[in-house]
Amino acid sequence: MLHERLEAYACLTEEALGRYLPETDCAQKRILKAGRYSLLGGGKRLRPALMMEFYRLCGGSPEDILPFACALEMIHTYSLIHDDLPCMDDDDLRRGRPTSHKMFGEAMAVLAGDMLLNRAFELMLNEPCPNVEPGNAFAAAGLIARMSGAFGMIGGQVLDMELEEKRESALVEPMIELKTGALFVAACGAGCQLAGANETLKNASAAYARAIGLVFQLRDDLLDLEGDAEKLGKATGADARQHKLTYVSQNGAAHTRERIALETKIALQCAEQFEDHAFLCELAKWLAQRDH
């Protein structure tokens, strides 16, 4: 069931992304081409899937909230474009293809990321979602904005840079919680909020998101250490080459696996707050064991 539903959510997302950022023959068409290159370049589409699944669990139909699901994917994509820049991680490959700045130049990559961020908020503010209460849409957009900003994903990137400079191990988990976990919190929480869920379910979704966000990043760190570069679509060993302070480098691979198991258990307990929780449980287990 897991991969079939993930595929169904990915197909919904992919088709809608193409519609929401179409090719247009205009003077500034290069920026649209650059944005589409990264946005439609593959990926797991986990964040849209989580948003649509939590919306479904709270009584809605996933198609109702495609503008919000696609907006979150645009924000995620913009963060990857900027993360790959020479002034950040200076990566040449993303999902097995040249990164945006390698294809279009550094300045255009910066602008492509900026454009995707702005387009995301255009969608949430302007694209109709007739089956969503306006107050719930407003609150969901606010949550996504906060989780994308200084108290969320961007704040996490700042802490990542602080780690490089200060080598303070105490910053590792807060960095992961913000840089990786915040958009998972946005996805799960917005799905509940858009459906008008009660506080108990919203709290359970946030706790689930924080747990799988940590699992996702710790598994990423392990894969960078011992994964298959071909499956990952990017070079491995980057953390070691750059002497990055990560959870794995700080605690070792064995302890990292123990922490992944613990956080997966927490995610499973949170999922049980929802009546039809099989997908959430399967997803948490898969994230703990994934090879790409």
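The values are calculated or read from the model by the stated rules, or taken from the named source; none is laboratory data. Keep in mind that this is a model prediction, so the values were computed, not measured. Positions of Cβ are generated from backbone atoms using ideal geometry, with glycine treated the same way; all protein chains shown enter the neighbour counts. Keep in mind that these areas ignore ligands, DNA and RNA; they rest on the heavy atoms of the full protein, side chains included. Shrake-Rupley method; radii C 1.70, N 1.55, O 1.52, S 1.80 Å.
Annotations
- Positions within region 155-169 being surrounded by fewer than 17 Cβ atoms within 10 Å (Cβ to Cβ) and among the hydrophobic types (A, V, I, L, M, F, W, C), in sequence order: 158, 161
- If only residues of region 241-270 that are out of contact with any Asp or Glu (no Cβ under 6 Å at 6 or more places or on another chain) and not in a helix (DSSP H, G or I) are counted, the one that is surrounded by the most Cβ atoms within 10 Å (Cβ to Cβ) is 245.
- Consider region 56-68 and keep the residues that are in a helix (DSSP H, G or I) and out of contact with any Phe, Trp or Tyr (no Cβ under 8 Å at 6 or more places or on another chain). The one that is nearest to residue 137 (Cα to Cα) is 68.
- Any hit, region 247-266, residues being of a type in the set (Gly, Ala, Ser) and under 15 Å from residue 208 (Cβ atoms): no
- In the set (1) closer than 29 Å to residue 195 by Cα; (2) acidic (Asp, Glu); (3) touching a Pro at 6+ places or on another chain (Cβ under 8 Å), residue 63 fails one condition alone, (3).
- Candidates in region 52-103 are the residues that are over 16 Å from the mean Cα position of the chain (by Cα) and small (Gly, Ala, Ser); of these, the one that is surrounded by the most Cβ atoms within 10 Å (Cβ to Cβ) is 100.
- Region 193-217, residues that are under 17 Å from residue 60 (Cα atoms) and in contact (Cβ under 8 Å) with a residue 12 or more places away in the chain: 193, 194, 195, 196, 197, 201, 202, 205
- Single condition residue 85 does not satisfy, out of (1) within 22 Å of residue 8 (Cβ to Cβ); (2) out of contact with any Lys or Arg (no Cβ under 9 Å at 6 or more places or on another chain): (1)
- Within region 91-109, tally of residues that are on the phi > 0 side of the Ramachandran plot and not basic (Lys, Arg): 2
- Hey, residue 12 open to solvent by 40 Å² or more (accessible area, probe 1.4 Å), assigned to a helix (DSSP H, G or I) and among the hydrophobic types (A, V, I, L, M, F, W, C) or not: yes
- Considering region 15-39, and only residues there that are at pLDDT 95 or above and polar (S, T, N, Q), the residue that is surrounded by the most Cβ atoms within 10 Å (Cβ to Cβ) turns out to be 38.
- The condition (being among the basic types (Lys, Arg) and without any contact (Cβ under 8 Å) to a residue 60 or more places away in the chain) is satisfied by just one residue among 5, 19, 30: 19.
- Identity of the residue in region 205-237, loosely packed, with under 14 Cβ neighbours inside 10 Å and assigned to a helix (DSSP H, G or I), that ends up modelled with the highest pLDDT: 226
- Scanning region 271-290 for residues that are in a loop (DSSP other than H, G, I, E, B), out of contact with any Leu (no Cβ under 7 Å at 6 or more places or on another chain) and open to solvent by 20 Å² or more (accessible area, probe 1.4 Å) yields 272, 275, 277.
- Residue in region 109-116 that is open to solvent by 10 Å² or more (accessible area, probe 1.4 Å), acidic (Asp, Glu), farther than 25 Å from residue 150 by Cα and free of Cβ contacts under 8 Å to residues at least 40 places away in the same chain present: no
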